[in-house]
1. How long, wide and thick is the range 267-310, going by the Cα atoms along their three principal axes, in whole angstroms, largest first?
2. Only Cα pairs under 8 Å and at least 6 apart count here; give the relative contact order of the chain as a rounded whole percent.
3. Counting only helical runs of four or more DSSP H residues, what would the 222 nm mean residue ellipticity of the chain come to if each run contributes -39,500 (n - 2.57) and the total is spread over all its residues?
4. Looking at the chain as a GNM with Cα springs under 10 Å, which of Leu162, Leu269, Leu101 has the largest mean-square fluctuation?
5. Can you compute log10 of I(q)/I(0) for the range 90-236 with the Debye formula, treating each Cα as one identical point scatterer, at q = 0.20 Å⁻¹?
6. Can you give me the accessible area per residue for the chain, using a 1.4 Å probe, in Å²?
7. Considering only Cys239, Cys331, Cys177, give the residue with the highest GNM mean-square fluctuation for the chain, with springs between Cα atoms whenever their separation is below 10 Å.
8. Ignoring ligands and nucleic acids, what accessible area does Ser159 show with a 1.4 Å probe (Å², nearest 10)?
Amino acid sequence: MRYAVYTSSVNGLILARKIRDTVDADVDIYVHHKLGSSNGVYIYSRIAEAVEKGFSQYTAMIFIMAAGIVVRTIAPFLKSKLSDPAIIVMDEKGKNIISLLSGHLGGANELTSYLAKELKANPVITTGTDVNELVAPDLLAYRLEMVPFPKEGILVFNSALLGGSHIKYIIDRRMPCHLKYAEGLKKNGIGAVLADGDRISQLVKDTQSLKVILTNADLPIGKGTLYLKPRKLVAGVGCRRGTREGLIIKALKAACEKIGWELERIDELASSVVKADEQGLLTAGQQLGRTIKFWDNEQLNEQIQKYQLMESDFVKRTIGVGNISEAAAYCCVPHGVAALPKTKYENVTVALVWEK
């Protein structure tokens, strides 16, 4: 995960650094130029320009300033609750923390609660299901790295939940990691039924009951049905020349374990065109049954600039671009969110990126 913190006051900067030391994520701090230069922070003159540039880069954006300023600043960049980052507002004394936008799917509510606990602040969360201590389908989607579909069904199901309606959960047993999803639901106090394709088709035809179906299949939209579909997970891979497929698969498995998933959760592999003839990488893709997309230096550089990725001088001297694994993974999705920054293993570097 990658967060941005914006502030324009001395007290805000102190709090921003405290947040950076508190959360388990990469945190970039942006301060107004009137505070002068400072180590480890970015300087902005107009906050709207800084926010526009970072809106697709960060998982969460935390503003230590007045809520009115934040609302006016982010308004032009809002697109959808499925893709907008979590927006959190705090006062410079850290007394109140407001979950302003993307409470469920963006994770703003959970981050607000976490920060409030760590900073001993007052969390301000207004989402109806959270206030009533109900676990909504779109909150489960966030926790399980899934996307609700159709979008219009989110409000329908959350309203029904608030009204006391019962929602049945079904997991498509054909889906990779289906037992992992069952475990995730169980941790949230929700039981689920495992079903195959024929049974799911029958359930979709039932328009009288409310059903949330976890599946990676494209199924017809039906009244009373909300789908939770897995986000695409891309593994960017860099490796030394001649690295065997065993080491590559071992690194990929270790990377998945770091984010709490199994190797089969990976949807696609990515790398540089320089590695297009790397037999170990090609064989690893074949053994995993996953396609590998290779990207040229111009395409990799675009992602390096877009996401402000760190570059290796050695790699840049060797192939002309200083980041392979992260940049290649980002190339595979319109908008990406870091699941695991580039991590070094024996002869292999892996980065994992979720499609936003």
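1. 33, 21, 15
2. Details: 689 pairs, mean separation 43.0, N = 356.
Averaging sequence separation for qualifying contacts and normalising by length gives 12 percent for the chain.
3. -10500 deg cm²/dmol
4. Leu162
5. Listed by q, the Debye log ratios stand at -1.22.
6. Computed with neighbouring chains in place, this is 47 Å² per residue.
7. Cys177
8. 60 Å²
The values are calculated or read from the model by the stated rules, or taken from the named source; none is laboratory data. Fair warning: this is a prediction, and the values are worked out from it, not measured in the lab. Neighbour counts run over all protein chains shown; Cβ positions are idealised from the backbone, glycine included. To get the accessible areas, we keep the full protein, side chains included, count just its heavy atoms, and leave off ligands, DNA and RNA. Shrake-Rupley method; radii C 1.70, N 1.55, O 1.52, S 1.80 Å.
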